[in-house]
There are 4 protein chains.
Amino acid sequence: MRKTLFQIIEPHQQESFIEEAYDIFMILAIIVSLIPLTSKSHSGIFIWLDLITTIIFIIDYVLRFVTADYKLQKGRISFLLYPFTFLAMADLLCILPSLFLLNDSLRLFKILRMLRTLRIFKFFRYSKNIQILTNVLKKQKDSLIIVGVLALGYIFVSALVIFNVEPSTFPTFFDALYWATISLTTVGYGDIYAISTTGKIITMISSFLGIAIVALPAGIITAGYMKEIKEL
Amino acid sequence: MRKTLFQIIEPHQQESFIEEAYDIFMILAIIVSLIPLTSKSHSGIFIWLDLITTIIFIIDYVLRFVTADYKLQKGRISFLLYPFTFLAMADLLCILPSLFLLNDSLRLFKILRMLRTLRIFKFFRYSKNIQILTNVLKKQKDSLIIVGVLALGYIFVSALVIFNVEPSTFPTFFDALYWATISLTTVGYGDIYAISTTGKIITMISSFLGIAIVALPAGIITAGYMKEIKEL
Amino acid sequence: MRKTLFQIIEPHQQESFIEEAYDIFMILAIIVSLIPLTSKSHSGIFIWLDLITTIIFIIDYVLRFVTADYKLQKGRISFLLYPFTFLAMADLLCILPSLFLLNDSLRLFKILRMLRTLRIFKFFRYSKNIQILTNVLKKQKDSLIIVGVLALGYIFVSALVIFNVEPSTFPTFFDALYWATISLTTVGYGDIYAISTTGKIITMISSFLGIAIVALPAGIITAGYMKEIKEL
Amino acid sequence: MRKTLFQIIEPHQQESFIEEAYDIFMILAIIVSLIPLTSKSHSGIFIWLDLITTIIFIIDYVLRFVTADYKLQKGRISFLLYPFTFLAMADLLCILPSLFLLNDSLRLFKILRMLRTLRIFKFFRYSKNIQILTNVLKKQKDSLIIVGVLALGYIFVSALVIFNVEPSTFPTFFDALYWATISLTTVGYGDIYAISTTGKIITMISSFLGIAIVALPAGIITAGYMKEIKEL
């Protein structure tokens, strides 16, 4: 009976009706549990939504714990290991804030619940297109990390230069980092920008070079994607 | 005679002079019918433009209805089915608001008229370049939908996080969604942005990761386009 | 002697020292002639710069006219045709405003002088990289025009929708067009933006779809470039 | 013994424990030396950090000078040449401002220290992905320079046009250049923008065409990257 349970709660390729229904039910529960987060009020309906979904998540957590040996396939020791796996800890963190409704500061922990929506992607795991995309990201992972580090370094250097050139505009180094990120991603809200001529020159140079930085990830992803669809 | 009519109103590959003239005349009528929408005044000239183009569209609608059996090729039942086809309903919706000139709230329905300009693209259907472009979009449709859903999910999560982190800046969840869309598409008007340090950190992270999200559709389209022009 | 003159003023592949010197001299004259445009003052030095460069351009124009038969290779009729070629008319338009120094409204005509800097690119004509780039742009010209028309249409439709949805924010249709262009190119100054909820929803949708529009030219250029460097 | 020293301070492929430790120690020293730049205060801890790291850099400079003959492999003359190599001069410039703590205007020279972090990339030199990236940038260098010059020319022309069309908004030509750079890189802070209708039309045209300019480097990098990973 525990084996049947495990097959129901764990998504896999060819699912029976009950297994699919459970997956869909859980996704709906996640979506419903996020509704109270999109509002500021603490009215009755939201408390009830929270209560119901929390109970569902607790039952799901217990079911997953009880079938941990099928999941980890390490015999009895699985029950000890399971609570410390990444997903199990995320599950627990999602449930905790709802148990202490009064504490508002933990409210954001509920967003961790969205980590669970990542499980939805397990469905798509078998889709050809998702497979191509994840393959591209996997194979180009190293390149993307290098480009990411390069971009972060570029942002850091730009921030360091502007912070020392125009200290009157940027009260703290964090402000300079914020300015550099918003400028080099070309968002450019306009809430903070260099005023002095030197600062403007630095803005111009770093924005201009920033185009190349932004072009790098696009290039890597495109090239990887190209290669992937050719090999199919 | 009805068959000749049908050949005139329906665009196809090798068109005679009259057939081409009808197409161009209808496109001009559509453009002229949009002129009153680019102004706030309700002066006489605009009412007349509206009246004339509406009459043209009504005649066109009737002609299309009368030749529906040639279009749908399902015998007499075509006349019953035709008014419920997508284009016929769009045509009707375009005509309706002009018939009730006084009602301003329906004014926007006239924009549906622009759907008719899509018919212009039927001309280009035979152009090699348009063919390549539509082929790319068709073949990569699934990938583009997945990337679109991914981007929408990313916007939703960013909005949810910022809304709970900085409720003072974002009065409603809609404001947070608006902020997330404007930030991640790198438009960044600067009408709404995070003020608190936590909010700024979230802005930085989501903008930075947003580059990769924006790079994905570009990569897919490029790779698809590349493949398409190679196969020619 | 006229033939020697023609060889000097006309850039071509393997240039002698005098020919190269003339090209460089003319480019310097163009740059110097633009200096008065980068300032608001009408001081003596600028008037002198203008006078000297204008005289140089007049001499160059005369020299080009005198050797027109070598350029157009149509015998005597070349002298009649030459003043009506695109470059000759641009040359004339550049000289004219300097001849009437007092008239400020024609000042901008001098910017046409920059058209002459395009002649510099004739140098690069023989560079392998420039050749690749121009080949890509030439071969993909049709696709780029279609994508350009598509983008312009998209901007027009967005402007039409926002203008009718939020007439209070956009006084004229031109403002709506300006808003649409600045939003969809993701510049987003923040000088004009939708305030109403409907307007914001339209902003969100059009910005989101705008990413795909922006991705199209990038895709076409990349794919064309890819193909070009493969064929070399 | 000098040879052992040289092997320790110079990064190379298969490093022993001591050699790797020295590299990591120097990187940490660089990072620590930048900490005082991220703050406005001149408190004791920052002066100490500066003092310690400066001493480390002086020792490193001396060690590198002493082993210059192994580096340059030109015998005794190496000791004369070494101080004039690019990296040695950068090293010296990094040390100088710390020796005169009171002089704030030289503070920015310390940012040159970051040039030394480029040495970290020597580690990655042997990474396959970094090799691909640098190969792409090297092979496409000429194309990227041409595109860069083109973009700079485009910015310059846009600035010249707007400066002469709307002199009331742009006090100096530098402001026009700043506006053009911020607009065409699509940052668009909104601190300076055209107000007149002519100015807005120019903004629209230059932003619209700017997309193609931005697409060019992305296209070149992608195509180069594509070619590179195919050849592996």
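Between the stretch D:27-58 and the stretch B:1-55, the C-alpha centres lie 74 angstrom from each other.
Straight-line cross-link partners of B:K74 among the lysines, defined as a Cα under 16 Å from its Cα and at least 8 positions apart when in the same chain: B:K3.
Here, the stretch C:5-59 is characterised by an Rg to Rh ratio of 1.10, where Rg is the alpha-carbon radius of gyration and Rh the Kirkwood radius. Taking 27 Å as the limit for the C-alpha separation, the pairs A:K128/B:K128; C:K40/D:K141; D:K141/D:K230 exceed it in the case of A:K128/B:K128; C:K40/D:K141. Axis-proximal residue of chain A for the rotation onto chain C, reported as residue and distance in whole Å: A:G190, 3, based on Cβ position. Counts of other chain beta carbons within 10 angstrom of each beta carbon in peptide A:190-200 average 5. Over all other residues within a Cβ to Cβ distance under 12 Å of A:Y70, the charged ones net out to +3, with Lys and Arg as +1 and Asp and Glu as -1. Summarised in one figure, the compactness ratio Rg/Rh of the stretch B:132-182, Cα atoms and Kirkwood Rh, is 1.24. Ascending distances from the B:F79 label point to its copies in the other chains, with the point 7 Å along the Cα-to-beta-carbon line: 7.7, 7.7, 10.9 nm.
Remark: mean inter-chain Cβ contacts per residue of A:166-177 equal 2, using a 10 Å Cβ-Cβ cutoff to other protein chain atoms.
According to the Cα-based calculation, Rg over Rh for the stretch A:154-232 is 1.18, with Rh computed by the Kirkwood formula.
Calculated accessible area for the stretch C:129-229 comes out at 34 Å² per residue, all protein chains present (probe 1.4 Å; ligands, DNA, RNA ignored). With each label modelled as a point 7 angstrom along the Cα→C-beta vector, the D:K3-B:I195 pair spans 6.8 nm. Taking the protein heavy atoms of the stretch A:56-98 in the context of the full set of protein chains, the accessible area attributed to carbon and sulfur is 76 percent at 1.4 Å. What's the total accessible area buried between chains D and A, using a 1.4 Å probe, rounded to the nearest 100 Å²? Buried area between the two chains comes out at roughly 3500 Å². When a 1.4 Å probe is rolled over the protein heavy atoms, the share of accessible surface on the stretch A:129-229 that falls to carbon and sulfur comes to 70 percent. Its Cα centre serving as origin, the stretch D:129-229 has a Cβ charge dipole (Lys and Arg +1, Asp and Glu -1) of approximately 380 debye.
The values are calculated or read from the model by the stated rules, or taken from the named source; none is laboratory data. Since the structure is predicted, the reported quantities are computational estimates derived from the model, not experimental observations. Cβ: placed from backbone, ideal geometry, glycine included. Neighbour counts: every protein chain shown. In case anyone asks, the SASA skips ligands and DNA or RNA and just uses the protein heavy atoms, side chains included. Shrake-Rupley method; radii C 1.70, N 1.55, O 1.52, S 1.80 Å.
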